[in-house]
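The structure appears right after this line, and notes come after that.
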Amino acid sequence: MHHKRLMMQIFLLLFWLIALVTSAIGADEPDLSPVIFAPEIISTDLDEGCGSFGPDGKSFYFVRRGAYTTSPPVSIICFSDFRDGTWSHPEVAIFSGMYLDGSPYFSPDGKRLYFGSKRPTQSNPGGRDWNIWFVEKTDAGWSKPKEIGSPINTAKNDTNPAVAADGTMYFASDRDGAPGYFHIYRARLTNEKYEQPEKLGPEVNSGDADINPYISPDQKFLIFASYRKDTLAGGGNHYDRADLYVSVNRDGHWTPARHLEHGINTSASEGNPTMSPDGKWFYFTSERSQFEVPMKERLTTAAWQDRQRGIGNGVGNIYRISAGALEFTR
């Protein structure tokens, strides 16, 4: 009897040690599932997306859009600051709120914030196309907005700026096609002036439209959204939407873009990728919702109202996932 009791005690001890080790290993492994970023503060029942962090990770600029289908919807740039362990309730940026603004993007040093806007330009005061603008950090806050100018801005649509540490700009433009059929371009900065933009190759530009570039400061990887025929199936229906892809710069050449996994892409639309300044987290916009056809459970009037008023109502929200989900070494 004593021998049996001793064996049972040893078994329980081993079981406890195995559970402890397993728990410790699990704690070190990143959670490769997207989660809502700052729920009820930044991600709400409104339409949010297009985020970018300041270099200290304590300022977050993003876009809120009018959740309606008439065109153009209101689109404003908002910001939130991380204070006392939480994100502040967003306010409209001082340079936004009058025109159609979008896609804010911090320069890696934080001295400039670039964005797309349909506000009038000096060269084309009556134009309605997207152009790239920027504001500069001053002792008093942000400067007045300035146009990036040619050769980046043209009479066509030029938007979604993304800037590397050396000033190279990646952006989306429909300059070589029909309005709205965007592709990704790169313009190098030489002696404080931008060279003529070059369109990236088919490794990146292979969709009906390729938009929303995020470039790592060292230009080692490029994440972007693309409208591609092979990803348009959703819930038994085909509709125009984007998914997120990554391309890695290896020996000066971009690898063929790879469709992101780990729940980043869904049958809804995903886009507007960005990274935390420390490189540990990947952020993106998604229109995923609680509604599926057919629904798993019949919707009641109360359930319909509750879900429409909630975060997962199908308009844009911002999600984050461990950077390990990007699998750069593949």
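Annotations
- In terms of packing, defined here as the mean over residues of other Cβ atoms within 10 angstrom, the peptides 113-119, 98-104, 133-139, 259-265 line up highest first as 113-119, 98-104, 259-265, 133-139.
- Of the trypsin sites (Lys or Arg not before Pro) in segment 288-321, the ones in a loop by DSSP (not H, G, I, E or B) with at most 14 other beta carbons within 10 Å are LYS296, ARG298, ARG309.
- By other beta-carbon atoms within 10 Å, ranking SER75, SER33 with the fewest at the front produces SER33, SER75.
- Take every pair of alpha-carbon atoms less than 8 Å apart whose residues are at least six positions apart; their mean separation over the length of segment 39-326 yields a relative contact order of 15 percent.
- Only Lys, Arg, Asp and Glu carry charge here, each on its Cβ (+1 for the first two, -1 for the last two); on that basis the chain has a dipole of about 260 debye about its Cα centre.
- Its relative contact order, with pairs defined as Cα atoms under 8 Å and 6+ residues apart, puts segment 138-247 at 19 percent.
- Simple spin-label estimate for GLU147 and ARG175 in nanometres, 7 Å along Cα-Cβ: 1.4
- Whichever aspartates and glutamates have a C-alpha closer than 20 Å to that of LYS58, once near sequence neighbours (fewer than 8 apart) are set aside: GLU40, GLU48, ASP81, ASP84, GLU91, ASP109, GLU136, ASP139, ASP278
- Alpha-carbon Rg with Dmax, taken over segment 156-262, Å: 14.2, 53
- Debye intensity ratio I(q)/I(0), log10, segment 96-177, q values 0.26 Å⁻¹ (C-alpha model): -1.36
- P(r) tail, the chain: Cα-Cα pairs separated by more than 31 Å, 36% of all pairs.
- With each label modelled as a point 7 angstrom along the Cα→C-beta vector, the LYS296-THR154 pair spans 4.8 nm.
- Relative packing of peptides 181-189, 268-276 - highest average C-beta neighbours within 10 Å first: 268-276, 181-189
- q = 0.11, 0.22 Å⁻¹: log10 I(q)/I(0) that the Debye formula gives for segment 188-330, counting C-alpha atoms only: -0.50, -1.41
Only the coordinates and a few stated rules stand behind these numbers; no lab work does. Keep in mind that this is a model prediction, so the values were computed, not measured. Virtual Cβ from ideal backbone geometry, glycine too; neighbours counted across all protein chains shown.
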